[in-house]
1. Output the residue which, of all residues in the range 325-358 that are among the aliphatic types (A, V, I, L, M) and under 23 Å from residue 209 (Cβ atoms), is modelled with the lowest pLDDT.
2. Could you list, ordered by first residue, the pairs with Cβ atoms under 7 Å in which the first is in the range 60-79 and free of Cβ contacts under 8 Å to residues at least 24 places away in the same chain and under 16 Å from residue 45 (Cα atoms) and the second is buried (at least 17 other Cβ atoms within 10 Å of the Cβ) and not basic (Lys, Arg), at least 6 apart or interchain?
3. Considering only residues that are of a type in the set (Asp, Glu) and either crowded, with 16+ Cβ neighbours inside 10 Å or within 17 Å of residue 336 (Cα to Cα) (or both), which ones fall in the range 45-82?
4. Can you confirm whether the range 290-311 contains a residue that is free of Cβ contacts under 8 Å to residues at least 60 places away in the same chain, within 21 Å of the chain's Cα centre (by Cα) and assigned by TED's automatic domain parsing to the domain that holds residue 154?
5. Does residue 197 satisfy being surrounded by 20 or more Cβ atoms within 10 Å (Cβ to Cβ) and either in contact with a strand residue (DSSP E or B) (Cβ under 7 Å, 6 or more places away or on another chain) or not assigned by TED's automatic domain parsing to the domain that holds residue 259 (or both)?
6. Could you check the range 346-419 for helices (runs of 4 or more DSSP H) lying wholly inside it with 3 or more residues that are out of contact with any helix residue (DSSP H, G or I) (no Cβ under 8 Å at 6 or more places or on another chain) and not hydrophobic (A, V, I, L, M, F, W, C)?
7. Report, by residue number, each residue of the range 126-175 that is under 20 Å from residue 108 (Cβ atoms) and acidic (Asp, Glu).
8. Can you find a residue that is among the aromatic types (Phe, Trp, Tyr), touching a Ser or Thr at 6+ places or on another chain (Cβ under 7 Å), in the same structural domain as residue 325 (by TED's automatic domain parsing) and at pLDDT 95 or above anywhere in the range 141-149?
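The values are calculated or read from the model by the stated rules, or taken from the named source; none is laboratory data. Fair warning: this is a prediction, and the values are worked out from it, not measured in the lab. Reconstructed Cβ throughout: ideal geometry from the backbone, glycine too, with neighbour counts over all protein chains shown.
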Amino acid sequence: MKGNFQTILVVIFMAAALFGILVFAGIIKLGSNKNDAGALGTVVLWGTETIQKVSADLEAFNKANPTFIVKYVQKYPETFDNDLLEALATGTGPDMFFISDDLAYKYSNKIYTIPYASYPLATFKNNFARAGEVFLTSKGMLAFPITIDPLVMYYNRSTLDANNIVYPPATWNEFQNLVPVLTKKDDSNKIIKSTVAMGQFSNVLHAKDILVTLFMQLGNTISSEKNGISSSALEASNGKYDISTVLKFYTDFADPLKDVYSWNKSFQNSQEEFSAEDLAFYFGFSSEASSLISKNPNQNFFVAQMPQVKDSNMKLTYAHVGGIAIAASSKNFNTAFIATSLLATSDFAKNYAKTIGVAPARRDLLVAKQTEGFLPVFYSSALISTSWLDPSTSNTDDIFKNMVENVLSNNMTPIESIKDSDGKLNLLFNK
């Protein structure tokens with residue numbers, strides 16, 4: 001009996017191994033729920049969301065896929081990065097893990113890059129919104145996109161109503177025209193009510209992301225990748241626009257001599273000023289909606305898409321993207337591979353995004369009609385979102401901060417500051 005049992009186990013694992021070989025060779029392609037026949041055993045998934053938020057959706061997923069089990073392990077957001085690095089280095093890491101766009105580059109050599117022979121590029125683009133392409137490289141896919149958290153424009157409706165402004169601005173030209181109307185100053189020219197937090201860096205939440213949005217709206221990709229090698233694209237020109245003009249556009253909002261002067265270092269951070277109703281517009285992420293409501297439950301605010309470039313033939317905003325990656329060190333690789341694909345393409349993805357308060361990454365879910373609260377704007381913004389492979393968030397924060405402050409202090413022209421930042425970003429990629 002014991003011998004028969006061992007023989008059965010050997011046959012099962014040989015079949016699973018053969019399935020894996022066929023998948024990786026591209027003979028069997030993922031993207032269909034019919035491919036779960038080779039998934040066996042238990043795989044471990046790490047993330048930072050609470051077990052309470054994940055357990056119900058994951059339990060339903062496991063019931064729908066009885067040949068294997070996905071076990072979720074909750075990690076603290078503050079220590080997730082270090083915990084994961086240490087676990088992967090010692091061979092005790094998870095089979096899969098939730099990953100954000102700003103960690104994808106850092107972990108790229110610890111992630112199994114799924115080749116396009118196994119998950120075709122056309123299938124990816126048909127299934128997922130553009131923002132999910134942050135996980136694509138020339139060699140394959142780093143993660144399956146799950147969520148999109150777009151940068152949007154929150155606005156104080158009472159402030160706009162009081163100034164006879166019916167709709168929030170749709171373009172940056174319209175936005176500029178509103179600043180002299182909405183910015184209120186005292187007799188000494190001190191700003192007492194601001195239109196928007198732009199121009200400075202340290203007290204503007206998401207200042208880097210706002211600048212990235214502006215650059216990308218003019219066609220700059222911030223970074224580029226070819227044959228597995230990433231580099232800065234900050235200084236690259238598309239022949240039509242010079243992003244140094246965008247940097248000047250941004251810093252002008254902190255220049256007392258400009259009509260658009262609206263912000264300075266004396267203010268609290270932009271979210272606090274918005275919740276105190278001393279700021280008409282706040283550029284924040286969709287995931288911040290609940291915290292904004294909590295800060296000031298009586299505030300009459302709503303949300304709109306980020307302003308766009310006038311007469312542009314495209315719409316675009318920046319987003320944080322969440323996905324699930326497969327650890328290259330997984331000891332149950334076939335099951336991790338299939339489970340990750342199914343998590344991204346099943347009801348789990350829809351329910352998980354709703355649970356944590358962001359938009360899903362799948363196109364079919366984004367085009368489904370939404371009527372509840374802010375969701376129509378969040379979903380439409382997610383569909384026009386994009387992102388970039390940030391090599392190190394803390395270091396790039398410093399680069400963008402210096403980019404802004406070099407111009408504000410007149411140490412550099414906008415052109416010189418862009419060139420300087422481009423060089424520093426390249427150094428990060430070359431580390």
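1. Just the residues of the range 325-358 that are among the aliphatic types (A, V, I, L, M), to begin with: 325-328, 336, 338-339, 342-344, 349, 353, 356, 358.
If we keep only those that are under 23 Å from residue 209 (Cβ atoms) too, we end up with 325, 353, 356, 358.
Working: 325: 98, 353: 94, 356: 91, 358: 95.
The selected residue is 356.
2. From the range 60-79, the pairs are 62/69; 62/70.
3. Step one: filter the range 45-82 for residues of a type in the set (Asp, Glu), giving 49, 57, 59, 78, 81.
Result: 49, 57, 59.
4. The answer is yes; a qualifying residue exists.
5. Details: surrounded by 20 or more Cβ atoms within 10 Å (Cβ to Cβ): yes; either in contact with a strand residue (DSSP E or B) (Cβ under 7 Å, 6 or more places away or on another chain) or not assigned by TED's automatic domain parsing to the domain that holds residue 259 (or both): yes.
Spelling it out, residue 197 is indeed surrounded by 20 or more Cβ atoms within 10 Å (Cβ to Cβ) and either in contact with a strand residue (DSSP E or B) (Cβ under 7 Å, 6 or more places away or on another chain) or not assigned by TED's automatic domain parsing to the domain that holds residue 259 (or both).
6. Helices (runs of 4 or more DSSP H) meeting the threshold: 393-408.
7. 133
8. Among the residues of the range 141-149, at least one is among the aromatic types (Phe, Trp, Tyr), touching a Ser or Thr at 6+ places or on another chain (Cβ under 7 Å), in the same structural domain as residue 325 (by TED's automatic domain parsing) and at pLDDT 95 or above, which makes the answer yes.
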